[in-house]
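These notes concern the structure reproduced below.
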Amino acid sequence: MKSLFLFLVFAAWANLALSQTRIFGTLRGQGSAEALEYASVVLYSHRDSVFIDGTISDSEGKFVFEKTPPGSYYVIASFLGFDPVPSPVFDLGKNQSLDLGVLLLSASTQSLQTVDVQGQRIGTEFRPEKQSFSAENFEAAQGGTATDVLKNLPGVSINSEGTLAIRGNTGFVVMINGRPTQGDPMMLLGQLPANSIEKVEWLSSPGAQFDSEGKAGIINITTKKGATDGLYLQFNGKLGLPSIENYDNKAPQERYGGDFNLNYQKGKWDLSLGASYQRNDIAGKRVGNVYTIEGDTTTYFPSEGERSINEVNYSGRFTLGFNPSASDGFSLGFYGGVRDKVRTADILYYDNHQEYPGGETAPFQYFNANDQNRRGDFALGSLDYSHTFGNSSKLSTSILYEYSMLGGPTINRNLGYPDLSIVYQDEYNSNDNPLNGFRYNLDYTLQPGAVGTIQVGYQYRFLDHFGDFLYERKNNESGAWEMVPEFSSEVDLKRIIHTGYVQWDKKKEKWSYSAGVRTEIMDRKFRLQDKAGTIDTTYLYDYIRPFFSGNITYTPKEDLTWKLSFTQRVERETTFKMNPFPEREHSETLEQGDPNVLPEFINTLEAGMIKNWKDNSFFATAYYTRIENLVNRVNTVYNDTILNRIYSNVGVGKSIGLELGTELFFTPKWKAYLGGNVYHYSIAGEFDGRAVDQAAWTYSYNFNTTYNIFKTVSSQFTLNYLSRRVTAQGEDSRFYLPSLNVKKTFADGRLALNLLWQNIDLGALKTNEQRITTWREGEFYTTTNYIQEVDMIILNLSYTINRSKNRAKFVKSEFGEKEF
């Protein structure tokens, strides 16, 4: 902390000494204290009102003019939906740095109802530091979740499990309205309604002021915001029609739900309430073929059966904001709910037999009834405060506490077939995992000066996660349940992280520079005990490590920008992937972690360009990523019919690729968006004493085209495609999802009806189907085709009162989402 204090003193001195020939200030909304991003600020001469210079405000509402000659001036700030605001006239002397303070813009009361504008809205913005995408332009996602929005972004792909990957990596951090969260991104995105999203931003090379976690960078989701006092209220309902395809599942799938968001703002107060209930079932089946080799004997156990998912999510949110002045803001938030997900895998093993030199055993068949339930009850609260000083410096602090109770049993029963009354094996494994998490942030942005903008900050995080894993097997003779010691355990993970960072940003004419370092001190303590009382071991791991980042951009002309960036990041593993005691997934699989697993450390280098012309835009980015201590899922043979699935470090992963994206307007009514990514991915290392060496080219693309048929009717076709890709011990096949959406609005846009045809197949394609294959020479081979529901018809209905007044912001999970 001493070094941080000395740096603050030095930076403040340098800032005061070198701040020369500058005019700067901050734009905020009247009564809300909200920063206005992308607002226009124009500098005029006071003598004759001649235009001198122009700029736009950044994400914090700040603007700056540099190298302005001495004279008498004034500025006019303007923003869509607000009345223009002129500043007082001011005199600028030679080598003077002048702070105009905070300019407050009031919401415009002018009616524009007589203006009828038809055409497509620009949905993307490619900038050197981030890519921004308007959620409204992905119509097929409306009524769904944030996952349905994100899967359309360039470089993003989705697989059969519904897991998103960016440039092939599943590790990324999600922020909500600029607030970092550390939860599992897939669970977090699956909870957030797409209707509440204004835009999505992807930062592939974040600076030091952002959390260092996330292999693929940061996704920032901005919820819809308004600018005026009053009430905003939105209701959304969803109803899925009965399944068209028959997968012989034992129960019909249900899809329905609803949510509401209420925001009321009056003067200095801002109140948000929200609640959501969603039932999202997916039908499906799996067809697999597995064999293991032991000596000269090969055991085959092909299978086929149901693999469906029933999922229920319900939650409530509350946030109260108070802005006593344009410079101060408080926010108090609570969030609680339940997530309940049941995966059913009722599989028939129809030809279990062994082959050996000279013969084979008679075929044997049995039925495996398997239900895996994963439930999470959670509650969290946060308190935030920010203050902007008169010289535009800013201080902000945040406290978050979270409690979660994670758990859920897995039921695994091997039965006779066709006589299901015969019980060969009846097993039950349960777990209770209470989690306590705490995070504190303190951030300070120094006054912009000639040396640029300097940010410094500190973060403290604490995680305490206890796990009680009990595995029981029913004694077929006595009928009593008996504990299985080799599968039963207690674990306790405690992790403490202290972080300090310094970030520097500077703009000069056509060049922009940034550099930063984020230093972490991490202490991890993992205690492991077995239920038999014979094992009590503590695994310790710690590090002190800097994470560097830097960015250079060059804009030779307004419509062209070149960039070069570098970032270092980390990916930490969950408690589940550290527990070495196996958990029974289903008949043929045990799953376990590695208590000595190391965090993944990532280095990424990027070079690219951004080109704009008229309403069209294009970007291209070449990148290289190296992942040290790569964590992958690998298999070993447990016995002749069971594989042991282990999460462990397997070596080094490398990616070199090219990412492209464009938005094109063909006519005022017709536009298209295309994003793609192609890269060469390689894994080199070893596991269990044997080499791991895999490499292949992979590509993905996301395409959608929108056509406005009439003023209130539009249609959109979407295609998400992922090619074959390699893993540490095998490969995953291609995967694709085509969808069609038709949208009709009523009552001047307040009421919207979406008819979505999801996962188009028509019985002729291989939509929503993916084959996963793994092997190890001389030990095992497994290939499983996961076939999930297609041709799903969903109706979404949304009604909004005062849609322009929405500014709801809710607190999000920090710890428990990731463990879930």
Exercise. Among the residues of the stretch 444-479, write down those that are over 30 Å from G207 (Cα atoms) and either among the hydroxyl-bearing types (S, T, Y) or not assigned by TED's automatic domain parsing to the domain that holds T397 (or both).
Key: Y471, S478
Practice problem: Would you check which residues across the stretch 557-572 are crowded, with 21+ Cβ neighbours inside 10 Å and acidic (D, E) and list them? | Solution: E571
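Let's see how each residue does on (1) surrounded by 15 or more Cβ atoms within 10 Å (Cβ to Cβ); (2) among the small types (G, A, S):
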| residue | (1), (2) |
| --- | --- |
| N323 | yes, no |
| G337 | yes, yes |
| V342 | yes, no |
| H353 | yes, no |
| G359 | no, yes |
Quiz prompt | Filtered residue count, the stretch 593-603, keeping only those that are buried (at least 19 other Cβ atoms within 10 Å of the Cβ) and either touching a Lys or Arg at 6+ places or on another chain (Cβ under 7 Å) or more than 27 Å from T574 (Cβ to Cβ) (or both) | solution = 5
Quiz item: Taking the stretch 429-443 as the search range and keeping residues that are of a type outside the set (D, E), surrounded by 18 or more Cβ atoms within 10 Å (Cβ to Cβ) and within 28 Å of the chain's Cα centre (by Cα), which one is nearest to D530 (Cα to Cα)?
Solution: N431
Quiz prompt | Cβ-Cβ under 7 Å pairs, at least 6 apart or on other chains, the stretch 307-322 side within 15 Å of E789 (Cα to Cα) and of a type in the set (S, T, N, Q), far side in a strand (DSSP E or B) and at pLDDT 90 or above | solution = S308/I282; S308/G284; S308/T344; N310/V342
Quiz item: Quick check: anything in the stretch 547-567 charged (D, E, K, R), under 30 Å from E486 (Cα atoms) and either in a strand (DSSP E or B) or free of Cβ contacts under 8 Å to residues at least 24 places away in the same chain (or both)?
Solution: no
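What strands (runs of 3 or more DSSP E), lying completely within the stretch 704-762, carry at least 1 residues that are more than 18 Å from K238 (Cβ to Cβ)? Write out each step before concluding.
Details: elements: 713-722, 725-727, 730-732, 735-746, 751-758.
Passing ranges, in order: 713-722, 725-727, 730-732, 735-746.
This table checks each residue for (1) over 30 Å from P418 (Cβ atoms); (2) hydroxyl-bearing (S, T, Y).
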position	(1), (2)
G358	yes, no
Q372	no, no
R375	yes, no
Y385	yes, yes
Exercise. Evaluate the stretch 467-478: report whether one residue or more is more than 32 Å from the chain's Cα centre (by Cα), assigned to a helix (DSSP H, G or I) and under 26 Å from M405 (Cβ atoms).
Key: no
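Yes or no: Y460 closer than 30 Å to M522 by Cβ, aromatic (F, W, Y) and surrounded by 16 or more Cβ atoms within 10 Å (Cβ to Cβ)?
Values: closer than 30 Å to M522 by Cβ: yes; aromatic (F, W, Y): yes; surrounded by 16 or more Cβ atoms within 10 Å (Cβ to Cβ): no.
So Y460 does not fit the description; no.
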Practice problem: Considering only the stretch 52-103, give the strands (runs of 3 or more DSSP E) lying wholly within it that have at least 3 residues that are closer than 17 Å to T26 by Cα. | Solution: 62-66, 71-78
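Within the stretch 770-788, track down each residue that is among the charged types (D, E, K, R) and at pLDDT 95 or above. Even if it seems obvious, please write down each step before you answer.
In the first step, residues of the stretch 770-788 are kept if they are among the charged types (D, E, K, R); the result is 771, 776-777, 779.
Residue satisfying the conditions is R771 alone.
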Self-check item: Pairs where the first residue, in the stretch 602-625, is in the same structural domain as Q131 (by TED's automatic domain parsing) and within 19 Å of G676 (Cα to Cα) and the second is of a type in the set (A, V, I, L, M) and modelled with pLDDT under 90, C-beta under 6 Å, 6+ apart
Solution: K611/L560; N616/L664; F619/I610
Self-check item: Matching residues in the stretch 630-653 - criterion: being in a strand (DSSP E or B), under 17 Å from N368 (Cβ atoms) and charged (D, E, K, R)
Solution: R645
Quiz item: Can you name the condition, by its number, that V149 falls short on among (1) at pLDDT 70 or above; (2) crowded, with 24+ Cβ neighbours inside 10 Å; (3) under 9 Å from the mean Cα position of the chain (by Cα)?
Solution: (3)
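Does the stretch 390-428 hold any residues that are among the polar types (S, T, N, Q), surrounded by 14 or more Cβ atoms within 10 Å (Cβ to Cβ) and modelled with pLDDT of 90 or more, and which are they? Spell out how you get there, then give the answer.
The first filter runs over the stretch 390-428 and keeps only residues among the polar types (S, T, N, Q), leaving 391-393, 396-398, 404, 410, 412, 414, 421, 425.
Those left that are additionally surrounded by 14 or more Cβ atoms within 10 Å (Cβ to Cβ): 391-393, 396-398, 404, 410, 412, 414, 425.
Scanning the stretch 390-428 gives S396, T397, S398, T410, N412, N414, Q425.
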Self-check item: Count of residues meeting criterion [closer than 13 Å to N391 by Cβ and in contact with a Ser or Thr (Cβ under 6 Å, 6 or more places away or on another chain)] in the stretch 446-466
Solution: 3
Quiz prompt | Number of the condition not met by L493 [criteria: (1) at pLDDT below 95; (2) farther than 19 Å from I411 by Cβ; (3) surrounded by fewer than 19 Cβ atoms within 10 Å (Cβ to Cβ)] | solution = (3)
Practice problem: Among what's in the stretch 296-320 and is modelled with pLDDT under 90 and not basic (K, R), pick the residue that is surrounded by the fewest Cβ atoms within 10 Å (Cβ to Cβ). | Solution: G316
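If you check W697, W757, which single one turns out to be over 24 Å from the mean Cα position of the chain (by Cα), in the same structural domain as E571 (by TED's automatic domain parsing), modelled with pLDDT of 90 or more and closer than 15 Å to N169 by Cα? Spell out the reasoning first.
Values: W757 fails: closer than 15 Å to N169 by Cα.
Only one candidate passes the filter, namely W697.
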Self-check item: Meets criteria (of a type in the set (K, R), modelled with pLDDT under 90 and crowded, with 21+ Cβ neighbours inside 10 Å) for K711
Solution: no
Practice problem: Output the number of residues of the stretch 794-809 satisfying the condition of being at pLDDT 55 or above and either touching a Pro at 6+ places or on another chain (Cβ under 9 Å) or of a type in the set (S, T, Y) (or both). | Solution: 3
Quiz item: For G685, all conditions in the list (1) part of a strand (DSSP E or B); (2) touching a residue at least 60 places away in the same chain (Cβ under 8 Å) hold save one; what is the number of the exception?
Solution: (2)
Quiz item: Hey, any hits in the stretch 255-266 for a residue that's out of contact with any strand residue (DSSP E or B) (no Cβ under 6 Å at 6 or more places or on another chain) and crowded, with 20+ Cβ neighbours inside 10 Å?
Solution: yes
Quiz prompt | Residue list for the stretch 44-63, restricted to those being in contact with a Gly (Cβ under 9 Å, 6 or more places away or on another chain) and either over 30 Å from G267 (Cα atoms) or surrounded by fewer than 19 Cβ atoms within 10 Å (Cβ to Cβ) (or both) | solution = S45, H46, R47, I52, S59
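The values are calculated or read from the model by the stated rules, or taken from the named source; none is laboratory data. The structure presented is a predicted model; accordingly, all values stated were derived computationally and were not measured. Virtual Cβ from ideal backbone geometry, glycine too; neighbours counted across all protein chains shown.
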